[in-house]
Amino acid sequence: MEGDTFSGLGNGAQLDGKVVQTFQKNFVQVQNILDQNRLLINEINQNHESKIPDNLSRNVGLIRELNNNIRRVVDLYSDLSSSFSKSIEASSEGDSSGLRSDGKAGQKRYRPG
């Protein structure tokens, strides 16, 4: 993927391969956190259903961990959004719309050489 550009985000807008790799890395992080959250939620539900006092007490810590994970996901999406916006602005100078004439962003890859 190195050297690739992502074209079609506007008239001539291109994203560097490193930017795309950064997006992919962040999306993998988000997915891993969401997978962990699913496991936490399952454990919280099992503890709640068991009605065992120690399990219910453990839920306090699990719910805190879940909340922290949700904050991390929000932060990662915020960073992704900001990075994406900056990349688009930098790559599409002179194109104010960022969209094709049909109102949709294209998704073509351009591979030089």
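Quick note: the coordinates plus some simple rules give every number you see, no bench work behind them. Please read these numbers as outputs of a predicted model, since none were measured by experiment. No Cβ is skipped: glycine too gets one built from the backbone with ideal geometry, and neighbour counts run over all protein chains shown.
Starting from 0.36 nm per residue, how many nanometres of slack lie between Leu39 and Val60 once their C-alpha separation is accounted for?
On the way: separation 21, 0.36 × 21 = 7.56 nm, distance 1.52 nm.
Fully extending the segment from Leu39 to Val60 adds 6.0 nm.
Please give me the summed charge of the neighbours of Leu66: other residues whose Cβ is under 14 Å from its Cβ, Lys and Arg +1, Asp and Glu -1.
Details: positive: Arg38, Arg58, Arg64, Arg71, Arg72; negative: Asp35, Glu43, Glu65.
Once all neighbours under 14 Å are counted, the net charge is +2.
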